[in-house]
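Shown next, in structure tokens, is the structure this report addresses.
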Amino acid sequence: MHTRLLLALAATLAGCSQPSGAQPPAPEAPAAGFPRPDRPVADIVSPVWSSGPDRDKADESGQLVRGLGIRPGMAVADIGAGSGYHTIRLSPVVGPTGRVYAQDIMPDYLADLRTEVARRKLANVELVVGTPDDPKLPAPVDRAVLVHMYHEVENPYALLWNLAGSLKPGAQVGVIDLDRPTPRHGTPPALLKCEFEAVGYRQVGFVTLKGGGGYLAVFAPPEPDRRPPPDAIRPCRV
């Protein structure tokens, strides 16, 4: 237990460090017709949540892959990819017949990731610049992952609504986060479940991650034509 607490503390400190140079885009107006979240939105402070060795020791990526059943040939969207920690590890999992879309709203983060992808010669990785309310994925995906970043999503209801339109039948969305208030760079599981359900998703899985890295919540999306109208979505108060 003592080791887990040390790992969690180290991860938290690393994730809350200020980056050099990169600045988040100016806040957008609420996406047309969608409500704002009725809770604080955390600032984007870094492209790296934690150091690689800590996360590797906890097998965070392996737990994510197994929890979502990610396998060769799948198309996976890494939403809020940042430094690309999971993008780089998902690439060999989906293999040459699969695809990884590394998506972020921070062009500077993706510029750095582009260099790393080229250095590693990851031919199945495509970088995508999105907006706070739309991931703007170029093709439908089998899985989407949002790792230690959901609390930073400025327009969560709009983002989830638009994401559902880019998910294949049978797709799943996995969220890794810490169980703590959003201003402290986490998302309480009840709040996460409520916000996803407000857009028509169903929670189909939940596990506490080994190694002190938080939890993995898994959701099945609504069919695109069964999403609630934006003006019918009510913000959660949990």
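Values in this text are rule-based calculations from the coordinates and carry no lab data. None of these values were measured; they are calculated from a predicted model. Cβ coordinates were reconstructed from backbone atoms using ideal geometry, including for glycine residues, and neighbour counts include every protein chain displayed.
Backbone phi angles across the range 137-150, fed through the Karplus curve with coefficients 6.51, -1.76 and 1.60 (θ = phi - 60°), yield HN-Hα couplings of 5, x, 7, x, 10, 8, 9, 10, 10, 10, 10, 6, 8, 4 Hz in residue order; Gly and Pro are listed as x. Spin-label pair residue 66-residue 115: with each label point 7 Å from Cα along the Cα-Cβ axis, the two points sit 3.5 nm from one another. Each of 93, 175 was scored by other Cβ atoms within 10 Å of its Cβ. Listed from fewest to most, they are 93, 175. Amide hydrogen proximity for residue 75: with H placed 1.01 Å from N in the peptide plane, the residues at 5 or more positions away or on another chain lying under 5 Å are 99, 142, 143.
Counting charges near residue 187 (Lys, Arg +1; Asp, Glu -1) among other residues having Cβ under 12 Å from its Cβ returns a value of 0.
Please list, or write none, the lysines whose alpha carbon is within less than 28 Å of the alpha carbon of residue 121, excluding same-chain residues fewer than 8 places away. Answer for residue 121, where 28 Å is the Cα cut-off: 57, 136, 168, listed by chain and number. Phi angles of the range 110-115 translate, via the Karplus equation with coefficients 6.51, -1.76, 1.60 and θ = phi - 60°, into HN-Hα couplings of 5, 5, 5, 5, 4, 4 Hz per residue; Gly and Pro are given as x. Simple point charges give the picture: +1 on the Cβ of Lys and Arg, -1 on the Cβ of Asp and Glu, and for the range 174-238 a dipole about the Cα centre of about 200 debye. If you take every residue apart from residue 38 with its C-beta less than 13 Å away from the C-beta of residue 38, what net charge results, scoring Lys and Arg +1 and Asp and Glu -1? Result for the local shell: +3. Legend: calculated FRET efficiency, residue 129 to residue 57, from the Cβ-Cβ distance at R0 = 30 Å, rounded to 0.05, equals 0.40. Take every Cα pair under 8 Å in the range 50-189 that's 6+ residues apart, average their separations, divide by the length, and report that relative contact order as a whole percent. Worked out over the range 50-189, it gives 21 percent.
Net charge in the neighbourhood of residue 157 (other residues with Cβ under 10 Å of its Cβ; Lys, Arg +1, Asp, Glu -1) is 0.
Of the peptides 216-227, 134-145, 76-87, how do they stack up when ordered by the mean number of other Cβ atoms within 10 Å, highest first? Walk me through the numbers on the way to the answer.
Values: 216-227: 17.5, 134-145: 20.4, 76-87: 26.0.
With the highest mean Cβ count within 10 Å placed first, the list reads 76-87, 134-145, 216-227.
Under 19 Å from a label point set 7 Å out along the Cα-to-Cβ vector of residue 168, the amide N atoms of the range 211-225 belong to 219-225.
Within a straight-line Cα-Cα reach of under 18 Å, residue 193 cannot be paired with any lysines, leaving aside sequence neighbours fewer than 8 residues apart in one chain.
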